[in-house]
Every structure is written in structure tokens, then in C-alpha cells.
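Participant: One structure follows; several queries about it will come next.
No value in this document is a laboratory result; all are computed from the given coordinates. Computed from a prediction, not measured in an experiment: that's the story for all the values here. So basically every Cβ, Gly included, is an ideal-geometry build from the backbone, and we count neighbours across all protein chains shown.
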Amino acid sequence: MSDQLYGGDAPQAKAKAPSLLEQIEGVFTAPKALFERLSQAPSWLPAFFVTIGSVVVVTAIWSSRLDMEGFLRPIMERNPNATADQIDKGIEFMSKFGPWIFTIQTLFIVTAVIFFTALLYWLIGMGTSENEKPGYTKSLVATAVPLLVLLPHALLTMLLIFIKGVGTLTPEKIPPTSIGYFIHTESIKLSALLYNLDVFAIASWILIYLAARHTMRLKPIGAALCTATSIALVLIFRVAFAK
């Protein structure tokens, strides 16, 4: 007999998590609605694997076509303790194994940064949630899903690598989507900052705010802190350590 005959409520269907294709479409067309759905049915693994896969593929293609000597020699020569023989041997080694080293390094670094960033979001959420405190899974959603907006950037970078080549350029310097592409400076750190002020990166920061608000259910201050954390990590890892 139906639950209504006993005065109870009918069981509610469990919310279905949006598919990967729905997530990719959602970050571009209806991000608020997407993150509200993800709050009811969190899903982050597909976005995580797509992001990791795209970054690894871009790195593998880039590093295999990189002018290794032209790229590494100026960096290695800035070390006053490196001898000419050490520099030559280092370049010879990286010419053979550099693509593998760069690709594996990127895989581990990006994976670690995603999980570490999610941990920071979770800690922020402990003190800034609107109602119940968000779980770590929702923090992973807020970290991984906004990165799907970077997919066109990865595809454009790969296309331009095949069309124009690489030379000594790093991946972020190849597509014409950042301020650094149009404004050049002799300062290494300022140049790194300008290249990381990319239209797709800015879009991902906006999406992080929306994900923190509507998936993690944080107060505006909490969502702003999550966004500021993401920007700070870029400044620390990509600008402060730029060489």
C-alpha cells in the first residue's frame, strides 16, 4: 500500500549527479545551476581525471617539441656555482629524459595541488558555512569542476604547438589569451604574473566563487576566501618561483 495511506511521506528519489558532459556544458552556460545540483549530488572524479589528463597531454606534447638547450641554458647559467661542463651534461641529460621528467612532475604536482587546495577550502568552510559544514567531497567539487573551464585553453595550446611550434616558450606563453602575450617585460616575475592573468584562469576564479557559494554553501566571505586562496597559490607557485 502507498505511504500516503499510512500518513507518511512518499520516498524522495535520490538526486542524480550531473554527468561529465553536463558539467562541461554547465561551467560555460549555467554555472550556478550546475553547482546547486552538485551540492545535492557531489561528483568530482570525472572533472579531476579530465583536468589531469589534459594537463599531462599538453605537457607531454610541449616538452617533446621544446628546444631543450635554448630553454634550459639561460636558467642553468644563472646559477653561479654551475660549471660549463655541468651545464652541458645537464642539458644532454634533459634532452634525453626531459619530456618524461616534465610530464611525470606535472602529474604529481597538479594532483597534489588539487587535493591540497580542496583541504584549504574545507578548512575555510569549517568557519564560514551558512548551515551545515561542508564535507571534503564538496571541497573537491569546488576545486576540480571549475577547472573544466580551462579545457578550451588546453586544446588551443595543443593546436598552436602543432601549427606554430614551441621554441623555448612555456605552455602558458603559447596561446593569445593572457595579458603577458601582448605586454612584454624584462622582469621574470612580472612577466610570469602577466602570463597567468589569463582569461580562462580568471573565469576559473569566478567559478570557484560560485562553487564555494552554491556547492559548499559558504557565506560570501567564505567563497571570497576560497577564491583568494586559489589566486594566492598561483602567485606563490607560478610567480614567486618563476625563473
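Participant: Using only the C-alpha atoms of region 74-127, find the volume of their convex hull and express it per residue in Å³. It would help to have the intermediate numbers written out before the result.
Facilitator: Working: hull volume 5.5 nm³, N = 54.
Each residue corresponds to 102 Å³ of Cα convex hull volume.
Participant: Among all the lysines, which ones have a C-alpha under 17 Å from LYS243's C-alpha, if same-chain residues fewer than 8 places away are not counted?
Facilitator: LYS173, LYS189
Participant: R0 = 35 Å: FRET efficiency of LYS16 with THR185, Cβ-based, nearest 0.05?
Facilitator: Values: r = 49 Å, r/R0 = 1.41.
Once the sixth-power term is evaluated, E becomes 0.10.
Participant: Could you pull out every one of the lysines with an alpha carbon less than 27 Å from that of LYS16, ignoring same-chain neighbours closer than 8 positions?
Facilitator: Counting by Cα, and skipping residues close in sequence, LYS16 has these lysines nearby: LYS32, LYS133, LYS138, LYS219.
Participant: Also: Binning at 5 Å from 0, report for the chain what percent of all alpha-carbon pair distances ends up in each bin.
Facilitator: Percent of Cα pairs in each bin: 1, 6, 12, 15, 16, 14, 11, 8, 6, 4, 2, 1, 1, 1, 1, 0, 0, 0.
Participant: P(r) tail for region 22-93, what percent of Cα pairs lie past 19 Å?
Facilitator: Working: 1514 of 2556 pairs.
Here the long-distance tail beyond 19 Å is 59 percent of all Cα pairs in region 22-93.
Participant: Rank-order 140-149, 77-86 by packing density, defined as the average count of other C-beta atoms within 10 Å over each peptide's residues, highest first. Provide the component values of the computation, followed by the final result.
Facilitator: Working: 140-149: 26.9, 77-86: 9.4.
The most tightly packed comes first, giving 140-149, 77-86.
Participant: Next up: I'd like the Karplus ³J(HN,Hα) series for region 63-80: coefficients 6.51, -1.76, 1.60, θ = phi - 60°, whole numbers in Hz, and an x wherever there's a Gly or Pro.
Facilitator: 5, 6, 10, 6, 6, 4, 5, x, 7, 8, 4, x, 5, 5, 6, 6, 7, x
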